[in-house]
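Reviewing the structure listed below.
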Amino acid sequence: MTAPNLGPLIVVAGPSGVGKSTLVEALLTTTTLPLRRAVTATTRAARPGERPGVDYHYWTADEFRRAIDAGRMLEHAVVHGADFYGTPWSEVRPYREAGTAVVLVIDVQGAENVRRLDPGGHRSVFVLPPCEAALEARLRGRGSEDEAKVQRRLRTAREELARAGEFDDRIVNDDLDEAVAALEAVVRGELERRRRQPRTIS
Ligand code: ADP
Ligand code: 5GP
C-alpha cells in the first residue's frame, strides 16, 4: 500500500546573524513549492516587531520544561548559554504527513540533535557569511543585542563555522537572491527525490 510521500525535513543552521531567517522568509514569499517554516519555541523575550506564533512560540521556562517532559519536543537546546530553544513535534509531523516540506531554522547544536534522532531522514544546510566582518556587521546592524551579547554570539559563531563541513550543503549568504535560489534548489531536489520513492506502509 502506498501513502502520500512524507514531506522532506530541511534543517537550516548557521551562526546567529548570518541571515537564516531573512533567507528562509524570502524563499517562503517567492517559492511555489509546498514549504513551511516550523515555528519553534523559545524562552527569550520577543524582539520589537516579532509576533508570537509567527516568529516563535514564546514560552516560560516552566512551560518549556513541561513540553520536554511530556515528549512534545523533537529537539531542544540551550543557546548562547542563556535561553531554551526547541522544535515542537506539532510544528513538523502534521505538515510532513501532508507532503509539505518543513524547514527548521535552528542552531548548530539543534542540527546535531536532529542528525542524531534523524526523524525519517532530513537534509541539512549550513548558511555561511561571506566573511567574519560581514557577520559582525549584520549582528550589530540588527540592533537587537547589547555589546556583551554580540561578543558572545561572535565567539559561538567561530566555533560553529568550523563545523560547516558536517552539513549536506553549504550556502554563502552574500547576495540574498542567489542564496534564496540555492536554498530553493535544495528543497526542490528533496521534494523530487521523495516523489520518485513513494512511501510504503505494510
Ligand atoms: P539569523 O536568522 O541567522 O540570526 P537574520 O535573518 O536575523 O539572521 O539576519 C541578521 C541581519 O542580517 C538582519 O539585519 C538582516 O537584514 C541582515 N541580512 C540577512 N541577509 C543579508 C544579506 N544577504 N546581505 C546583507 N544583510 C543581510
Ligand atoms: P535568535 O535568538 O537570534 O532568534 O536565535 C538564536 C539561535 O537559536 C539561532 O541560531 C536560531 O536559529 C536558534 N534556534 C531557533 N529556534 C531553535 C530551535 O527550535 N532549536 C534550536 N536548537 N535552535 C533554535
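The values are calculated or read from the model by the stated rules, or taken from the named source; none is laboratory data. Everything numeric here is computed off the predicted structure, so don't read it as measured data. Heads up, the Cβs are rebuilt from the backbone with ideal geometry, glycines too, and the neighbour counts pull from every protein chain shown. Please note that ligands, DNA and RNA were not included when accessible areas were found on the heavy atoms of the full protein model with its side chains. Shrake-Rupley method; radii C 1.70, N 1.55, O 1.52, S 1.80 Å.
Given H placed on each backbone N at 1.01 Å, which residues far from ARG170 in sequence or on other chains put an amide H within less than 5 Å of it?
PHE126
Suppose the chain between ASN5 and GLU50 were pulled fully straight at 0.36 nm per residue; how much longer would it get relative to their current alpha carbon spacing?
That works out to 12.9 nm of additional length.
Measuring with a 1.4 Å probe in the full set of protein chains, what accessible area per residue, in whole Å², belongs to region 2-185?
The answer is 47 Å² per residue.
With a 1.4 Å probe and all protein chains left in place, how much of the accessible area of region 73-202 comes from carbon and sulfur atoms, in whole percent?
With neighbouring chains kept in place, the figure for region 73-202 is 47 percent.
Can you tell which of ALA134, GLY86, LEU183 lies farthest toward the positive end of the dipole of the chain, using +1 and -1 charges on the Cβ of basic and acidic side chains (Lys, Arg; Asp, Glu)?
Most positive-ward Cα: GLY86.
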